[in-house]
Amino acid sequence: MAVNLRIDGVTLTAEPGTMLLTVARAAGVEIPTLCHYEGLDGSGNCRLCTVWRADGEGALLAACRSPAEEGMEIATQAEPARAVRRGVLGDLAAVDLSRTPELLDLLAEYGVEAEVEGAERTRQAEPVVDNPFYVRDYEKCVLCWRCTDVCGEAVQQTFAITPVGRGAESTIGTYGGIGMAESSCVFCGNCVQVCPTGALEPRALWELGDAELAAEERVVETTCGYCGVGCGLEVHLRGDTITHVTSDPDGPVNQGWLCVKGRYGFEFADAKDRLTAPLVRDGDGWKEVSWDAALGLVAARLGEIKAESGPDALGMFGSSKCLNEDNYQLQKFARAVLGTNNVDNCARLCHSSSVAALGMSIGAGAFTNSLDEIAENDLIWVTGSNTTETHPITALKIKAAVRAGAKLIVADPRRIELTEFADLHLQPRTGTDVPLYNALLHCLIRDGAVDDDFIARRVEGFEEVKTVAERHPPEYAAGITGIPAEQIERAARMLGAAPKTGFYWGLGLTEHTHGTEACLAIVNLALATGNVGRRGTGLNPLRGQNNVQGTSDMGALPNVFPGYRAVGDDAVRELFEKAWGVGLPAEPGLTSTDMVVGSGRGGLRALYVMGENPLLSDPHLNHTRKVFEKLEFLVVQDIFMTETAAVADVVLPATSWAEKDGTYTNTDRRVQRVRPLRSAPGLARADWEILADLAGRMGYRMEGDAAAIFAEMAGLTPDFAGMSHARLDAAGGLRWPCPMPAHPGTEWLWGERFPTESGRGRMHPVDYRTETEPPDTEYPLIFNTGRVLYHWHTGSMTRRVEGLEELYPEALLEISPGDAEELGIARGAPVRVSSRRGALECRAWITKRVSPGTVYMSWHFAEAAANLLTIDALDPVSRIPEYKICACRVELLDGAVEPNGASLRSARA
Amino acid sequence: MPEVLVVNRNLQKENSWLLDTYRRDGGYAQAERAVRESTPEEVIETVTAADLKGRGGAFFPTGMKWKFVRADSNTPRYVVANGDESEPGTYCNRFLLEKDPHGFIEGMIIAAFAIDAHTGYIYIRGEYGFAAERVREALHECYVAGILGEGIFGTDYKLDIILRRGAGAYICGEETALFNSLEGKRGNPRFKPPFPTNSGVWSKPTAINNIETFACVAPILEHGAEWFKGLAVGKGNAGTKVYCLSGNVQKTGLFELPLGTTARELIFDYGGGVADGRTLKAFKPGGASAAVLTPDLLDVRLDPSIIQHETIMGTGGCIVLDDTVSIVESAYRDALFFEEESCGFCIPCRQGTPNLVQILERILQGEGSMADLDLLESIGESMASSFCGLGQFAYRPVVGALHRFRDEFEGYIRGELPVSA
């Protein structure tokens, strides 16, 4: 029941438990605050919001933390309260408030004289500049503790900084006074964002001269270009120079919190080696040419090959880093201009198994629920995802849910950071997911803990799956997975007991030759327990790249048009033929892996690659390179001279995230605007614009800007029919399906029926298959690959950000202490890692993160490219390569190298 | 008049700290009877009827506190003994910890049973090394004897009690700061509400009581609520209080007396009056946090009602100041203590405590002004909104002294009193 109270003589009503500050602000009564920050726990320590409670005996209350009560009489400007504020402000007078004009105004209002600017530093001799991204100047610190709250339990749970000392001597510091780079800091900069006085300041802003500082600041709202979480950014510029990045605390995706890449990883866009002019191969070198010359050449060569060998001798790669508009344009170009379905994107290399499995079972391959619903999960199931490093903001949501009481199970062969927050860490031998999930289902069926009603109403194929599950008692699975049977039992009990479970997975599940089966196994579990098609549950693949969801949604796939409609479906094809005014091929095209990795159906003569870098990202690089070298004609459209561009015939300069105007779709299907910060460098052009120009030269007109391209797509794709750039600008992002302009978008899917033929979810019996290349005496270790927090994919962006390079400059081999000892490898020792396909040299990071018998590397580093070793064996259904397992050998290299502190610092054991 | 020995009944016994000694005279019989024969509700009812109030100085009704904890369905619940006795002039807990640890442990067991807790913590200040050793040994004796651990007293009720040590911070006696410290965090206070009865250790419902409060529990169960209430004098009081007498008085030490005994009785009847033939100038009734009172107030009762005289009962640490004492210097010493002990969490206390010190230094050095006296008052007004009790009380000894001895402050300012070093 609501309570009635009076604030400054005005009668107000409030929900019980609402803080006085909230009530007052909603009523337009301004109360000054300092330590208060929405979304934090709030220390309540500044006392600036003190108000006077006039009823009863009278009392001073901190408005931020005192709940409204029936009959309260609050005077915000009563003298006792003003006296407190005067005192607090007086205590701040000695602090350097030069970066905080609103506090200086407040001092003036309360008649407190502030210390003159340029006064002697009394609290700290010099600002601390000990890391690439922010400066700590405690001369400006008012000890509001927002930063320690963010770094601590309230948000990040990193605990890099803490209040130290006591009384008037207290300050903020690291544990033991070590530098930030040596601390547990993950450089998310969320502390910098909440600092009210500039005591924590972005280094790029701090380094600006007075003249630059005086220049007018522009702020552009856009969407982050790194991972699939899709955080909202506010990019601050002076002229064309990005000074820093913040995020709107009211933003729907990330509530203002960012990670190190999102907040500090923008420098690449200004890199001196950005491509600024079209390049054509000239012997061993390059020749800068006009757009006219470059596109003329491309049009001619593609036309020739098509004329000689037919359209299927051509292929195109879309890009998960590019816009929806770019990718829509690209698949349209492939189908309508070239006349081939040989079009694919790098989702093939990450979540194609998820898309295939979800398509086969529940009819659609996307996040069934939303990131917001993590807060509603009773049990969070994370598998094959090092979430804190690859989707840091999703990890924050998981940590917050766990803090609020949700249970967390992490199934991962590595002891990743999230396991520290987990109620249970299941540590399977790499690639043994299928028996694990079958055994869980075994226990649930045995214990009568499956959702019989859901199965009866909405599932088919249960009996066949049950037969398989019956053959998988936990003791049997324990033998294969290495997980103790009692842990499997415990996980099953938790799963059976949780009213709402959300399943979240990454590439640890998908990147196997049995990736589709592993995904089907987890789908079986969700269907059996009724954890899909319901709020607060879901089958949620954590998509990797900023627009990997959108790129597939847009039909940059060999078998479907935009909206996942089969190219073989005559009615659909007719729709597009009519819209595009040209006949379209009905036969599905080649996947990217079949175009490159396998010999496939052969005959591919020319390839057009937009914004991808297969010569670092594809498996078995030595083979991939041979295939690329055999191509008669290779066009690469990119922002840098990547490893792939370097072997191209023509290189076309495109726009980066900083210059793009369009949309990305994040991992939970939310379509969001991307806005240009400034014009493109040199002659670089938008990806969609290059394709339109080229189409014109090949006799096909592609008209309109990004907004028009989006409108065309929305007009042809019912799931997007309610969206337009204008509406996205106004609404701030919409989740598909959004079938009409008044539709609010869809948070969670399939509440009534699944989009399958029968409307039911289909279970598929799956059984264990071993990896293609198990370890043996010659190559005794399992080689596993993935990513790290500080870098992104093939590094073309992050390795051009000086600060990220400083924090994580080199590839490291994660090896367990036991294996290292056996091989005589010390911390930081140089090693040679080899497989049957290739070898590399790097240094060793001895860590318990990996289990004995397994080593792990990230694939960001061209100079020690993990994909030289990986195997190009493919999943028969999804055509994903088995990145996560092959056999390798590790040897100590002669000539011990002094450990380079920088990288091993980042690689904290 | 003899003392009324309830809490301190065992202190004079030979080997008083040993379990055998404690049990010989009926020790743990009340805990055993409660666990084996009573219901938690009965225990809470008796403690409530006895009107036992928190001896740490807040005098919150103990039975009500336990009832609130029990009413919260959140589990597990915890019981905590606050042994962070740090108030200057206060040492009653120390003697209980060192000489009769089983007395309060029995009270804790009864409290744990009453709130259905299975874990208890004893938090002892870092400086009390010997006390902690004695408690550690006592806990060990209890585990060996089946008084703690799985299935205590032969029942299926399980209780563990864990000893935790402070590291030398006055603030950690504040209950929420104690929880932080106990959890391994920095010892700064937490916002209330939620109160410890709903969110204490590990954010779970917690009954936290002073050592002396726990020591009252077994006698209450043994002799009954009416007996306990009859021990005190003065309105609304029940039981005894262990007063700690210090300063320039003939007999310093612990005096367990009816709660509500007057200052005159304590200082003159029990303490034998001011020592060295001096006369009484002032007294502080409740440790450093309490403002001084003048001799005309000697007949006030040393109980919570003393608050009407602009001071507090506090921990019952009564400090006697004779006519040679400079009140301004005395206030300065108090201010120094709170400057040292302010945790630095909230602005009014962090900045207010050193500001008080600076002004008092100025005045003592003969460099003060009359405006400084207004400044002391206004700092007090600001500190009244401090985050926790430390800051909300830290200015009161200074401002209280100013109110009762303004002449003396002005004397320093006018240069009539000798400048202090």
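From the set of residues in region A:124-169 that are under 18 Å from A:Ser98 (Cβ atoms) and within 14 Å of chain B (Cβ to nearest Cβ), which is surrounded by the fewest Cβ atoms within 10 Å (Cβ to Cβ)?
Among residues in region A:124-169 that are under 18 Å from A:Ser98 (Cβ atoms) and within 14 Å of chain B (Cβ to nearest Cβ), the one surrounded by the fewest Cβ atoms within 10 Å (Cβ to Cβ) is A:Tyr138.
Cβ-Cβ distance below 6 Å, separation of 6 or more or different chains: which pairs start in region A:691-720 with a residue that is charged (D, E, K, R) and end on one that is in a helix (DSSP H, G or I)?
A:Asp693/A:Leu295; A:Arg697/A:Leu295; A:Arg697/A:Ala299
Before we move on, is A:Gly28 over 22 Å from A:Gly111 (Cα atoms) and modelled with pLDDT under 90?
It is false that A:Gly28 is over 22 Å from A:Gly111 (Cα atoms) and modelled with pLDDT under 90.
Going by the structure shown, is B:His140 free of Cβ contacts under 8 Å to residues at least 12 places away in the same chain and in a helix (DSSP H, G or I)?
Criteria met by B:His140.
Give the residues of region B:323-340 that are crowded, with 22+ Cβ neighbours inside 10 Å and within 11 Å of chain A (Cβ to nearest Cβ), sorted by residue number.
Hit for region B:323-340 is B:Phe338, nothing else.
I'm trying to understand the selection: among the residues of region B:27-43, which are in a helix (DSSP H, G or I) and either free of Cβ contacts under 8 Å to residues at least 24 places away in the same chain or over 18 Å from B:Phe153 (Cβ atoms) (or both)?
Passing the criteria: B:Glu37, B:Glu41, B:Glu42.
Regarding B:Lys192, is this residue among the basic types (Lys, Arg), in contact (Cβ under 8 Å) with a residue 12 or more places away in the chain and touching a Gly at 6+ places or on another chain (Cβ under 8 Å)? Steps first, answer last, please.
Numbers: among the basic types (Lys, Arg): yes; in contact (Cβ under 8 Å) with a residue 12 or more places away in the chain: yes; touching a Gly at 6+ places or on another chain (Cβ under 8 Å): no.
Criteria not met by B:Lys192.
If you check B:Leu375, B:Leu356, which single one turns out to be crowded, with 20+ Cβ neighbours inside 10 Å, in contact (Cβ under 8 Å) with a residue 12 or more places away in the chain and within 13 Å of chain A (Cβ to nearest Cβ)?
Numbers: B:Leu375 fails: crowded, with 20+ Cβ neighbours inside 10 Å.
Step by step, each of B:Leu375, B:Leu356 is checked, and only B:Leu356 is crowded, with 20+ Cβ neighbours inside 10 Å, in contact (Cβ under 8 Å) with a residue 12 or more places away in the chain and within 13 Å of chain A (Cβ to nearest Cβ).
Those residues that are in contact with a strand residue (DSSP E or B) (Cβ under 9 Å, 6 or more places away or on another chain), free of Cβ contacts under 8 Å to residues at least 40 places away in the same chain and not in a strand (DSSP E or B), I need them from region A:1-14; list them, please.
Passing the criteria: A:Ala2, A:Gly9.
For residues that are part of a loop (DSSP other than H, G, I, E, B) and surrounded by fewer than 21 Cβ atoms within 10 Å (Cβ to Cβ), tally how many sit in region A:703-721.
4
Quick check on my filter: what residues within region B:176-226 are away from every other protein chain (no Cβ under 14 Å), surrounded by fewer than 17 Cβ atoms within 10 Å (Cβ to Cβ) and assigned to a helix (DSSP H, G or I)?
B:Glu222, B:His223, B:Glu226
Checking A:Val10 against (1) surrounded by 18 or more Cβ atoms within 10 Å (Cβ to Cβ); (2) more than 10 Å from chain B (Cβ to nearest Cβ), only one condition comes out false. Which one?
Result: A:Val10 fails condition (1) only.
Can you tell me which condition A:Thr197 does not meet? The list is (1) within 14 Å of chain B (Cβ to nearest Cβ); (2) in contact with a strand residue (DSSP E or B) (Cβ under 9 Å, 6 or more places away or on another chain), and all the others hold.
So the condition that A:Thr197 fails would be (2).
Of A:Val51, A:Val112, which residue is at pLDDT 90 or above, within 18 Å of B:Ile347 (Cα to Cα) and either out of contact with any Pro (no Cβ under 9 Å at 6 or more places or on another chain) or part of a strand (DSSP E or B) (or both)?
Values: A:Val112 fails: at pLDDT 90 or above.
After ruling out the rest, the residue left standing is A:Val51.
Test A:Arg121 against the criterion of being in contact with a helix residue (DSSP H, G or I) (Cβ under 9 Å, 6 or more places away or on another chain), of a type in the set (Lys, Arg), free of Cβ contacts under 8 Å to residues at least 60 places away in the same chain and within 10 Å of another protein chain (Cβ to nearest Cβ), and give yes or no.
When the stated conditions are applied, A:Arg121 does not pass them.
Go through region B:366-408 and give me each residue that's of a type in the set (D, E, K, R) and either under 20 Å from A:Trp145 (Cβ atoms) or in a loop (DSSP other than H, G, I, E, B) (or both).
Residue satisfying the conditions is B:Glu367 alone.
In region A:41-69, what residues are more than 17 Å from A:Asp8 (Cβ to Cβ), surrounded by fewer than 20 Cβ atoms within 10 Å (Cβ to Cβ) and not charged (D, E, K, R)?
A:Gly56, A:Pro67
If you take the residues of region A:39-88 that are within 9 Å of another protein chain (Cβ to nearest Cβ) and β-branched (Val, Ile, Thr), which of them is nearest to A:Leu107 (Cα to Cα)?
Filtering region A:39-88 for residues that are within 9 Å of another protein chain (Cβ to nearest Cβ) and β-branched (Val, Ile, Thr), the one nearest to A:Leu107 (Cα to Cα) comes out as A:Val88.
Which of the residues that make up region B:205-240 are small (Gly, Ala, Ser) and farther than 21 Å from B:Arg301 by Cβ? Give the steps one after another, and end with the answer.
Of region B:205-240, the ones small (Gly, Ala, Ser) are B:207, B:215, B:218, B:224-225, B:230, B:232, B:234, B:236, B:238-239.
Within region B:205-240, B:Ala207, B:Ala215, B:Ala218, B:Gly224, B:Ala225 meet the criteria.
Of these, B:Thr46, B:Thr75, which one is among the hydroxyl-bearing types (Ser, Thr, Tyr), part of a loop (DSSP other than H, G, I, E, B) and surrounded by fewer than 24 Cβ atoms within 10 Å (Cβ to Cβ)?
So the residue among B:Thr46, B:Thr75 that is among the hydroxyl-bearing types (Ser, Thr, Tyr), part of a loop (DSSP other than H, G, I, E, B) and surrounded by fewer than 24 Cβ atoms within 10 Å (Cβ to Cβ) is B:Thr75.
Can you find even one residue in region A:92-114 that is away from chain B (no Cβ under 14 Å), more than 43 Å from the chain's Cα centre (by Cα) and within 21 Å of A:Cys195 (Cβ to Cβ)?
Looking for residues that are away from chain B (no Cβ under 14 Å), more than 43 Å from the chain's Cα centre (by Cα) and within 21 Å of A:Cys195 (Cβ to Cβ), one finds at least one in region A:92-114, hence yes.
Residues are listed down the side, and each one gets a yes or a no for (1) out of contact with any strand residue (DSSP E or B) (no Cβ under 7 Å at 6 or more places or on another chain); (2) within 27 Å of A:Ala395 (Cα to Cα); (3) β-branched (Val, Ile, Thr):
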position: A:Val164; (1), (2), (3): no, no, yes
position: A:Gly167; (1), (2), (3): yes, no, no
position: A:Thr174; (1), (2), (3): no, yes, yes
position: A:Gly209; (1), (2), (3): yes, no, no
position: A:Glu212; (1), (2), (3): no, no, no
position: A:Glu221; (1), (2), (3): no, yes, no
position: A:Gly239; (1), (2), (3): yes, no, no
position: A:Val260; (1), (2), (3): yes, yes, yes
position: A:Tyr264; (1), (2), (3): yes, yes, no
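Output the residues belonging to region A:150-165 that are assigned to a loop (DSSP other than H, G, I, E, B), closer than 13 Å to B:Lys185 by Cα and polar (S, T, N, Q).
The answer is none; no residue qualifies.
Give me the pairs: first residue in region A:649-678 and farther than 28 Å from A:Gly365 by Cα, second residue surrounded by 24 or more Cβ atoms within 10 Å (Cβ to Cβ) and among the polar types (S, T, N, Q), beta-carbon distance under 6 Å, and six or more apart or on different chains, which are they?
Once the first residue is farther than 28 Å from A:Gly365 by Cα and sits in region A:649-678, its partners that are surrounded by 24 or more Cβ atoms within 10 Å (Cβ to Cβ) and among the polar types (S, T, N, Q) give A:Leu652/A:Gln637; A:Ala654/A:Gln637.
Give just the number: which of (1) more than 9 Å from every other protein chain (Cβ to nearest Cβ); (2) within 17 Å of B:Phe387 (Cβ to Cβ); (3) assigned to a strand (DSSP E or B) does A:His36 not satisfy?
Answer for A:His36: the failing condition is (3).
Scan region A:675-702 residue by residue and report those that are surrounded by fewer than 20 Cβ atoms within 10 Å (Cβ to Cβ) and part of a loop (DSSP other than H, G, I, E, B).
Listed by number, the residues that qualify are A:Arg675, A:Pro676, A:Arg678, A:Ser679, A:Gly682, A:Leu683, A:Met698, A:Gly699, A:Tyr700, A:Arg701.
Sort through B:Arg55, B:Arg94 and tell me the only one that's assigned by TED's automatic domain parsing to the domain that holds B:Asn198, outside any helix (DSSP H, G or I), crowded, with 17+ Cβ neighbours inside 10 Å and at pLDDT 95 or above.
B:Arg55
The values are calculated or read from the model by the stated rules, or taken from the named source; none is laboratory data. Note that the structure is predicted; figures quoted are calculated from it, not measured. Note that we place each Cβ from the backbone using ideal geometry, even for glycine, and neighbour counts take in every protein chain shown.
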